[in-house]
1. Against the conditions (1) open to solvent by 50 Å² or more (accessible area, probe 1.4 Å); (2) in a helix (DSSP H, G or I); (3) in contact (Cβ under 8 Å) with a residue 12 or more places away in the chain, where does A:ASP135 fall short? Just the number, please.
2. Of all residues in segment A:255-272, which are open to solvent by less than 30 Å² (accessible area, probe 1.4 Å) and away from chain B (no Cβ under 14 Å)?
3. I want to confirm something. Restricting to segment B:1-18 and keeping residues that are aliphatic (A, V, I, L, M) and assigned to a strand (DSSP E or B), which single residue is farthest from the chain's Cα centre (by Cα)?
4. If I ask for residues that are under 23 Å from A:ASP688 (Cβ atoms), open to solvent by less than 10 Å² (accessible area, probe 1.4 Å) and among the β-branched types (Val, Ile, Thr), which ones from segment A:590-622 would you list?
5. Mind checking whether some residue in segment A:343-357 is in a helix (DSSP H, G or I) and in contact with a strand residue (DSSP E or B) (Cβ under 9 Å, 6 or more places away or on another chain)?
6. Please go through segment B:19-36 and pick out each residue that is open to solvent by 40 Å² or more (accessible area, probe 1.4 Å), of a type outside the set (D, E, K, R) and part of a loop (DSSP other than H, G, I, E, B).
7. Considering only residues that are of a type in the set (Val, Ile, Thr) and open to solvent by less than 10 Å² (accessible area, probe 1.4 Å), look in segment B:48-68 and name the one that is farthest from A:GLY239 (Cα to Cα).
8. Tell me which residues, restricted to segment A:170-209, are among the acidic types (Asp, Glu) and either within 14 Å of another protein chain (Cβ to nearest Cβ) or open to solvent by less than 30 Å² (accessible area, probe 1.4 Å) (or both).
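The values are calculated or read from the model by the stated rules, or taken from the named source; none is laboratory data. Just so it is clear, the structure is predicted and the values come from calculations on it, not from any experiment. Positions of Cβ are generated from backbone atoms using ideal geometry, with glycine treated the same way; all protein chains shown enter the neighbour counts. Please note that ligands, DNA and RNA were not included when accessible areas were found on the heavy atoms of the full protein model with its side chains. Shrake-Rupley method; radii C 1.70, N 1.55, O 1.52, S 1.80 Å.
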Amino acid sequence: MTDLPASGIHGHPHRRIDGRAKVLGTATYAFEQDVDAATYLYPLQATIARGRVRRIDTSAAEALDGVVAVLTHLNAPRLADTDDKEYAVCQSDEVAFRGQFIGAVVAETQEVARHAASLVSVEYDEQPHQVVLPDDDKGLDDPDEVNAGYPSDTAQGDVGAALADAERLVDETYSTPMEHNNPMEPHTSVAIWSAGSGDGDASLLLYDSTQGVHSVRRTLAPVLGLKPERIRVVSPYVGGGFGSKGLPHAHNVLVALAAQLTGGRPVKFALTRQQMFTLVGYRTPTIQRIRLAADGDGRLTGICHDVIEQTSRIKEFAEQTATATRMMYAAPNRRTSHRLARLDVPIPSWMRAPGEAPGMAGLEMAMDELAERCSLDPIELRVRNEPDIDPDSGKRWSGRHLVECFRTGAERFGWADRGEPGARRDGDWLVGLGVASSTYPAFTMRGSTAEIAYVDGRYVVRIGASDIGTGTWTTLSQIAAEALGVEVEGVRLELGDTDLPMATVEGGSSGMASWGSTVVAAVDAFRDRHGKDPEEGATARAETPEHADRKKYATHSFGAIFAEAAVHADTGEVRVRRMLGVFDVGRIVNPPTARSQLVGGMIFGLSMALFEHSVMDARTGHVVNHDFAEYHIPVNADIADLDAIWLDHEDTNANSLGAKGIGEIGTVGSPAAVANAVYNASGVRIRDLPITPDKLIAQSGSTKTGSPQSGHM
Amino acid sequence: MGLAWGMTRISVSVDGIAYVDEVEPRMLLVHYLRDRLGKTGTVVGCDTSNCGSCTVHLDGRSVKSCAVLAVQADGHEVITIEGIAKDGELHPMQRAFHESHALQCGYCTPGMIMQSIDLLAANPDPTEADVREGLEGNLCRCTGYHNIVKAVLTAAADAKAAR
């Protein structure tokens with residue numbers, strides 16, 4: 001990567017177009033937008049998990065010098081639509097979870113706002129609450145569908161008979177914890193409200209940290225009772241999202257309400273890291289019973305994946321945890337189900353690879369256990385169960401090269417050196433290898449529009465898309481340049497503003513396929529109308545093209561993740577020494593940014609395997625480890641030799657661009673690859689993520705592996 | 001002229017410019033830089049001094065500016081990410097981060113760069129392990145850890161070649 005050419009086009013490395021602003025500190029994230037006469041918001045949050053606000057006394061706060069306004073349910077402007085309870089902010093005295101907004105202080109400085117908020121006294125009528133996911137199925141609901149529109153349950157064949165007749169059987173329960181997205185830039189919204197003449201012509205300007213400016217506008221418009229064109233959302237740079245910025249959350253509504261009380265002065269609101277553990281979504285904990293039935297040769301005869309997970313009592317979000325199990329392996333008899341506990345908890349939402357990340361953690365640990373019970377190499381087990389067509393839809397694959405991923409990775413990683421569990425030692429460390437499959441749907445979302453304009457000798461590309469750090473600024477410019485037949489420097493991209501044409505959300509790893517194919521269509525329209533030598537000011541637009549073939553195929557990305565783990569024999573400390581991901585993700589636009597996405601995804605998965613765990617206090621409904629001191633994510637020193645490579649298979653069955661999406665697939669197989677490596681190293685199988693030293697130590701006594709002088713393990 | 005009640009006067013140099021300001025004693029240095037001086041290149045990531053996004057130099061040594069009060073900077077020199085490029089030329093560490101693709105969303109980047117400069121000042125010829133340990137107080141979530149380490153090692157090698 002040190003030999004980057006000064007410029008390059010499609011399929012070639014290109015330095016980040018946004019890189020210079022980011023190293024200079026001049027990139028304008030939401031809070032960093034320069035506004036005049038700013039005020040600052042600090043929220044009031046409920047300190048009970050369920051009940052009502054009986055009395056709220058704001059007089060001391062209002063008396064404080066520098067306080068501009070105090071907002072509660074008693075004086076908050078009325079919202080036009082309160083059907084979605086997440087957005088019905090300060091509209092009643094009800095409290096549905098601890099930390100919910102019950103008001104806000106707006107002040108001249110952040111210090112005064114925070115101080116004033118501490119002076120508000122609140123009395124509650126408290127009701128009994130339940131905030132912990134039960135591990136039985138009592139009182140659970142069957143959702144109509146799960147996230148992304150999948151059915152809650154599926155069944156094919158006779159799973160009961162397959163399980164009863166199995167020659168080899170895995171019947172285990174796997175669990176994954178509550179996790180929080182934690183992008184580095186806190187969720188931030190700066191609101192400027194213009195009252196207009198009071199005749200329905202009010203308007204709102206929002207500098208927001210979001211994965212989709214148009215999604216924010218479309219969602220907030222009916223809530224605030226404004227026509228969409230009266231709301232402008234601006235978001236040129238976003239400090240990460242990982243799903244939590246995919247849709248607006250309650251803070252957007254709170255700041256829009258507060259901005260109606262300041263006489264037009266801007267209101268700046270950045271959540272604190274601690275507040276982010278309550279108000280902007282999280283990954284539900286899951287409890288997954290997985291049953292795999294196989295014959296003596298390791299061919300699956302039955303797959304059953306039953307999931308228990310949680311949602312909030314006021315808004316349903318059902319993580320699609322078992323959907324990958326529906327398409328991953330061949331088996332004539334199969335069943336999946338999702339059951340929901342409705343709890344007095346914050347509202348779960350998207351977190352990088354919702355569904356696939358926890359679900360494949362469970363399934364791929366179970367496959368590792370099945371391989372051992374069949375005395376098969378884990379890769380060979382997966383090869384034997386490779387389906388010719390998608391078992392779920394019955395469609396042909398648009399492209400599936402999973403076995404090639406495994407073969408390529410096994411060769412590079414030295415998979416042949418893998419030994420029996422607990423057999424390899426390096427000083428005080430037990431060392432082992434693990435592998436897992438990865439997969440993620442290849443979505444192309446329709447509904448974007450791109451505009452090409454020829455201005456001052458350059459092509460201006462306008463699309464209301466986002467760059468949350470993925471590289472869109474660069475890759476979309478590259479795609480436009482290639483389609484136009486010019487250098488990247490001949491293109492100027494504009495994104496992150498609702499004044500630009502409609503674009504779908506940056507989610508579901510769909511950005512490049514959706515926006516890229518839209519930009520290419522707009523270039524085609526431009527060339528059709530204006531030719532190769534356009535006049536100054538020439539413009540053309542196009543919407544996301546229909547890709548007729550797509551419906552014929554099951555479209556997914558695939559990958560094989562390899563990990564080498566070292567487990568300290570005495571302390572149970574785990575170090576991941578090496579990881580390799582081999583991916584089948586279609587066309588790659590910019591290798592350096594793609595590699596960052598894939599490697600970053602793998603680190604996200606490693607983190608899920610070993611570190612991340614939001615601890616819910618059953619007594620209070622409070623996540624007790626709600627900051628970076630106690631909610632652990634990897635630091636530089638946690639990461640060693642880690643690489644991602646990809647196969648050279650474009651997938652033009654999936655979309656015209658041939659690109660299948662790379663934002664999430666790195667995360668999906670990585671937790672199980674690490675967990676399986678820990679098992680191979682130590683002989684201890686931990687089915688409850690994250691794999692922490694206390695769990696390894698507690699279970700090591702019951703295993704037969706490890707030499708007598710090896711201490712605990 | 002007298003001070004407003006509860007305010008303290010500070011004299012502080014920020015990115016080479018001298019400021020005299022009245023601040024509340026409770027004001028954090030990072031909020032002084034951002035809300036008062038408009039130096040928003042230094043960002044806030046965690047509020048608990050864990051993430052390092054707000055790292056600046058105080059008299060040449062790196063500090064997390066969310067863990068320093070503005071009044072503690074009285075009489076001292078602060079350099080932020082916005083003060084290390086000279087006449088449009090990127091600082092060698094900024095250039096190394098840019099050229100090594102050592103960033104994605106860029107939010108941790110100013111802090112990473114300021115800490116990396118401090119790291120090389122203390123240890124001009126670090127090993128990879130030294131860099132990984134030396135950046136322990138700076139979190140990246142995207143994550144560019146590999147390329148961050150590569151950038152710091154590249155900057156160190158460039159500096160060595162220039163010596």
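1. (2) is the only condition that A:ASP135 fails.
2. Hits for segment A:255-272 are A:VAL255, A:ALA256, A:LEU257, A:ALA258, A:ALA259, A:THR262.
3. First pass over segment B:1-18, keeping only residues aliphatic (A, V, I, L, M): B:1, B:3-4, B:7, B:10, B:12, B:14, B:17-18.
Now narrow it down to the ones that are assigned to a strand (DSSP E or B): B:10, B:12, B:14, B:17-18.
Values: B:ILE10: 20, B:VAL12: 16, B:VAL14: 12, B:ILE17: 16, B:ALA18: 18 Å.
Of everything passing the filter in segment B:1-18, B:ILE10 is farthest from the chain's Cα centre (by Cα).
4. Passing the criteria: only A:ILE603.
5. yes
6. If the condition is that a residue be open to solvent by 40 Å² or more (accessible area, probe 1.4 Å), of a type outside the set (D, E, K, R) and part of a loop (DSSP other than H, G, I, E, B), then B:PRO25 is the only one that fits.
7. The extreme case among them is B:VAL56.
8. To start, the set of residues in segment A:170-209 that are among the acidic types (Asp, Glu) comprises A:171-172, A:179, A:185, A:199, A:201, A:208.
A:GLU179, A:GLU185, A:ASP208 - these are the residues of segment A:170-209 that are among the acidic types (Asp, Glu) and either within 14 Å of another protein chain (Cβ to nearest Cβ) or open to solvent by less than 30 Å² (accessible area, probe 1.4 Å) (or both).
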